[in-house]
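Okay, so here's the structure we're looking at.
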Amino acid sequence: SLLESAKKAAAFRAVDECVKDKDIVGVGSGSTVVYAVERLAERVQKEKLQLVCIPTSFQARQLIVENNLTLGDLSRYPQLDVAIDGADELDSNFVAIKGGGGCLTQEKIVASCAKHFVVIADYTKDSQVLGEQYKKGIPIEVIPLAYVPVMNKIKALYGGEVQLRMAKMKAGPVVTDNSNFIVDWHFPEDKFNWKDVNTNINLIPGVVDTGLFVDMADRAFFGYADGSVKEKT
Ligand code: DER
């Protein structure tokens, strides 16, 4: 589809521009990074690159293994050269909403260990203001026993609506790779200081992490249906 070719274009450009021989590479989660792994595997074969890939989810681990890339972990490689990951939306200050795929916690950990954090996405994620295009709310990973008080406290702090993310192919809520729940916060149209919001929500007991990636991404590549790519600056 047009969107898939847009994702592929962004992913290929990012891997070509941001990965070099001997890099320790964080591999994100979602549908766009599938193309990034495809390109990593191609470059390893073609250029005989030596890479170690660090996963951000069961899905990312499967992609690394299925593409015969060298699998690493943060215990052996606590400092990465680059992490490449998708996003649900990126605003003009490079604040990202992530977690549409429910993998935000390990994604944020891996991104925080990388010298460079590169976002790859199709053009529908490129916004000026968060919420402009992405309408599914900000994902927040919570310890299961705490999800109701956490939802109430987020609403009390910042308003809007919060809902527990329910699974589609399983009865009950989505359970993350870390055995937690996800709540999605549909925030009101207010002007938010996302750095403060991330900090304050993270201070609520029971919150594991938020899908607000503030001051983390340093490059972002957006693909278009015609196969062109725009790097956001
Ligand atoms: O869940 C995540 O954080 C994913 O990276 C998501 O934000 C992007 O997924 P997509 O590449 O399938 O749009």
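The values are calculated or read from the model by the stated rules, or taken from the named source; none is laboratory data. No experiment lies behind these values; they were computed from the predicted model shown. Methodologically, a virtual Cβ is constructed for each residue, glycine included, from the backbone with ideal geometry; neighbour enumeration extends over all protein chains shown. Calculation scope for accessible area: heavy atoms of the full protein, side chains included, ligands and nucleic acids excluded. Shrake-Rupley method; radii C 1.70, N 1.55, O 1.52, S 1.80 Å.
Details
- Rolling a 1.4 Å probe over the protein heavy atoms leaves Met166 with an accessible area of roughly 100 Å².
- Each Cα pair under 8 Å and six or more residues apart adds its sequence gap; the mean of these over the residue count of the chain is a relative contact order of 25 percent.
- Across region 15-31, coupling constants 3J(HN,Hα) worked out from phi with the 6.51/-1.76/1.60 Karplus curve, θ = phi - 60°, read 5, 5, 8, 10, 10, 10, 4, 6, 5, 9, 10, x, 10, x, 10, x, 8 Hz, and Gly and Pro carry x.
- Fraction of accessible area attributable to carbon and sulfur, the chain (%, probe 1.4 Å): 54
- Each Lys and Arg adds +1 at its Cβ and each Asp and Glu adds -1 at its Cβ; summed about the Cα centre, region 52-131 shows a dipole of about 280 debye.
- Percent breakdown of C-alpha pair distances by 5 Å bin, ordered from the shortest bin, for region 91-150: 4, 15, 22, 24, 19, 10, 6, 1
- Of the trypsin sites (Lys or Arg not before Pro) found in region 9-51, those in coil by DSSP whose Cβ has at most 14 other Cβ atoms within 10 Å are Lys20, Lys22, Lys48.
- Solvent exposure ordering (accessible area, 1.4 Å, most first) of Ser75, Ser228, Ser127: Ser75, Ser228, Ser127
- Sequence of Asp85, Asp226 from largest to smallest accessible area, 1.4 Å probe: Asp226, Asp85
- Antiparallel %, DSSP beta bridges [both residues in the chain], to 5: 50
- ³J(HN,Hα), Karplus 6.51/-1.76/1.60, whole Hz, each residue of region 196-205, x for Gly, Pro: 5, 4, 4, 4, 5, 5, 5, 7, 6, x
- Those residues of region 166-209 whose amide nitrogen sits under 17 Å from the label point placed on Ala156, 7 Å along Cα→Cβ: 200-207
- Estimated dipole of the chain in Debye, rounded to 20 [Cβ of Lys and Arg +1, of Asp and Glu -1, Cα centre]: 320
- Accessible solvent surface per residue of the chain, calculated while the other protein chains remain in place, 1.4 angstrom probe, Å²: 47
- The listed peptides 100-113, 189-202, ordered by packing as a protection proxy, come out as 100-113, 189-202 (highest mean of other Cβ atoms within 10 Å first).
- For the chain, the residue among Gln45, Thr70, Gly131 whose Cα projects farthest onto the positive side of the dipole built from Cβ charges is Thr70.
- Relative contact order (percent, whole number), region 1-68, Cα cutoff 8 Å, 6+ residue spacing: 36
- Ranked by how many other beta carbons lie within 10 Å on average, peptides 140-148, 153-161 from highest: 140-148, 153-161
- Heavy atoms of Asp88: accessible area, 1.4 Å probe, square angstrom to 10: 20
- Region 79-203 - share of DSSP beta bridges that are antiparallel (%, nearest 5): 65
- With a simple spin-label model that places each label point 7 Å from the Cα along the Cα-to-Cβ direction, the separation between Lys232 and Ser31 comes to 1.9 nm.
- Set of region 188-207 residues, backbone N closer than 14 Å to the point 7 Å along the Cα-Cβ line of Asn93: 190-200
- Cα-centre dipole for region 158-224 with unit charges at Cβ (Lys and Arg positive, Asp and Glu negative), debye to 20: 260
- Theoretical gain in end-to-end length, Glu47 to Leu145 [0.36 nm per residue, Cα-Cα removed]: 30.4 nm
- Region 196-211 and region 5-33 have Cα centres spaced 28 Å apart.
- For the residue pairs Lys195/Lys230; Lys8/Lys195; Lys195/Lys232; Lys20/Lys98; Lys135/Lys191, the C-alpha atoms sit more than 23 angstrom apart in Lys195/Lys230; Lys8/Lys195; Lys20/Lys98.
- Taking a point 7 Å from the Cα of Glu4 along the Cα-to-Cβ direction, the residues of region 199-230 with backbone N closer than 18 Å to it are 223-228.
- Dividing the helix sum by the residues of the chain, where each DSSP H run of 4 or more adds -39500 (n - 2.57), gives a mean residue ellipticity at 222 nm of -9500 deg cm²/dmol.
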